[in-house]
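FYI, it's all coordinate maths here, none of it is from the lab. Owing to the predicted nature of the structure, the values given are computational and were not obtained by experimental measurement. Glycine gets a Cβ as well: all are built from the backbone with ideal geometry, and neighbour counts include every protein chain shown.
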Amino acid sequence: MPFRTGHEGVTVRMDPSGAVTVLAGVTSQGQGLETTMAQIVASELGAPLDTVTVVLGDTDATPFGLGAFASRQAVIGGGAAIRAGRRFARRSRASPRTCWRPRARIWRWPTAA
């Protein structure tokens, strides 16, 4: 059987409050992958970092992933997070029922009280 490491699954979701959840199949070995994935998706969406929660390797919630080995998590999982974040942003802009304001090109994130 061939040994393949070049794919990973990532899903990006947003609830009505503007909180973003990143579900990724990769797992962390203690190298700060949760922060890395949150920063990647927040950057792609233009979202505040504190609105992004990351769930890694939860087999009940995340897409299939190959796990953690050979320092591949940030490269392969991060690439998947970039693609998922971009796709989410693109689809959200196309939907009339989103919080995207096309003229301002910003998300209407809830402000802290």
Note to self: Assuming 0.36 nm per residue, please report the length gained on full extension of the stretch VAL75 to SER43 beyond their Cα-Cα distance.
What the structure shows: 9.9 nm
Next item on the list: Give me THR51, THR35 ranked fewest to most by other Cβ atoms within 10 Å of their Cβ, as a rough exposure proxy.
Entry: THR35, THR51
Next item on the list: Quick one: order ARG13, ARG90 by neighbouring beta-carbon count within 10 Å, fewest to most.
Entry: ARG90, ARG13
Note to self: I need VAL54, VAL22, VAL41, VAL75 ordered by Cβ neighbour count within 10 Å, fewest first.
What the structure shows: VAL75, VAL54, VAL22, VAL41
Next item on the list: Report the label-to-label distance for THR59 and ASP15 in nanometres (one decimal), using points 7 Å from each Cα along the Cα→Cβ vector.
Entry: 2.6 nm
